[in-house]
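Trainee: Quick one: the structure is below, questions incoming.
Quick note: the coordinates plus some simple rules give every number you see, no bench work behind them. Being a predicted model, the structure only gives us computed values, none of them experimental. Methodologically, a virtual Cβ is constructed for each residue, glycine included, from the backbone with ideal geometry; neighbour enumeration extends over all protein chains shown.
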């Protein structure tokens, strides 16, 4: 009897150790670096080292998380509801909506080992990111942290995908605060009227899903060699970015 009482706790402890060893934690991950990885994980600013060997750089969107899942992580249920496939990019689907998983995404789900396609297969199927030239261990931690902790526009706005373009209604917007933040962090490049940097913000935000993209880049940075870094934008919180966008929506 005593022997069986000892074996059972040891068995339970063994199960816990095995479960705990699964690489599913975002501990040590940086959600803001993860946001850059979401945009383009091959970029140096995202901790990447370029495209996998032999990859066609003209088809970079087949590697980008946002290309299938959207800037908002909602796939074809969000800002990318009407985004179509091209030779140079895949199209999002309702099945690529990850919003129900935010807060519980694991590294195994990101890596997609054994299930994923090869990088050389340019399709909308998700690649296995543990193959040669794929994500580093730190990048995996960062993108898991982004998915589980990082601000998403869906937390701060409701999306109406039945309209064209997608309509964004910001929750509890503070346009006065948004104006102050825009003046302090955005106007130096985009001008007070939103027409700086050779780009009209009014025209930019008239496109499908552009509020999702704008929110993402305001919070995480535009990536690549862009001067629009997270630091240059004022290290904005999700609510601050939403207030700026609500101000732009009302002003321009």
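Trainee: To the nearest whole percent, what portion of all C-alpha pairs in segment 153-251 is separated by more than 22 angstrom?
Mentor: Working: 986 of 4851 pairs.
Within segment 153-251, distances greater than 22 Å cover 20 percent of Cα pairs.
Trainee: Would you mind getting me the FRET efficiency between residue 44 and residue 251? Use the beta-carbon distance for r and R0 = 41 Å, nearest 0.05.
Mentor: Efficiency for this residue pair is about 0.70.
Trainee: How far, in nm, would the chain grow between residue 27 and residue 189 when pulled straight, counting 0.36 nm per residue and subtracting the alpha carbon separation? Spell out each step's value before the answer.
Mentor: Details: separation 162, 0.36 × 162 = 58.32 nm, distance 3.57 nm.
Extending this stretch completely gives an extra 54.8 nm.
Trainee: Then there's this: Please report the relative contact order for segment 97-252, taking Cα pairs under 8 Å with a sequence separation of at least 6, and give it as a percent rounded to a whole number.
Mentor: Normalised by residue count, the contact order of segment 97-252 is 22 percent.
Trainee: Follow-up. Give me the Kirkwood hydrodynamic radius of the chain in Å, from all C-alpha pairs, to one decimal place?
Mentor: 19.5 Å
Trainee: Please give the length that would be gained between residue 176 and residue 100 if that part of the chain were fully extended, namely 0.36 nm times their separation in residues minus their C-alpha to C-alpha distance (nm, one decimal).
Mentor: Working: separation 76, 0.36 × 76 = 27.36 nm, distance 3.22 nm.
So the extension gain works out to 24.1 nm.
Trainee: Follow-up. So how far apart, in nm, are the two label points at residue 109 and residue 138 if each is 7 Å from Cα heading toward Cβ?
Mentor: 2.5 nm
Trainee: For a protection proxy built on the mean count of beta-carbon atoms within 10 angstrom, sort 166-179, 27-40 highest first, please. The partial results should precede the final answer.
Mentor: Values: 166-179: 17.0, 27-40: 22.1.
The most tightly packed comes first, giving 27-40, 166-179.
Trainee: Give me the extension gain from residue 237 to residue 167: residue separation times 0.36 nm, minus the current Cα-Cα distance, reported in nm with one decimal.
Mentor: 23.0 nm
Trainee: Here is a follow-up. Tell me the angle of helix 238-251 to the major Cα principal axis of the chain, expressed in degrees between 0 and 90 and rounded to the nearest ten.
Mentor: Rounded to the nearest ten degrees, it is 30.
Trainee: Here is a further query. Evaluate Rg over Rh across segment 31-149, taking Cα atoms for both radii and Kirkwood's formula for Rh. Show your work: numbers first, answer last.
Mentor: Numbers: Rg = 13.1 Å, Rh = 14.1 Å.
Rounded to two decimals, Rg/Rh equals 0.93.
Trainee: Based solely on its DSSP helices, what 222 nm [θ] is calculated for the chain when runs of n ≥ 4 H residues each add -39,500 (n - 2.57) and the sum is averaged over all residues, nearest 500 deg cm²/dmol?
Mentor: The helix contribution divided over the chain gives -11000 deg cm²/dmol.
Trainee: Another question about this same structure. With just the Cα atoms defining each centre, how far is segment 169-207 from segment 49-122? Give it in Å.
Mentor: Segment 169-207 and segment 49-122 have Cα centres separated by 29 Å.
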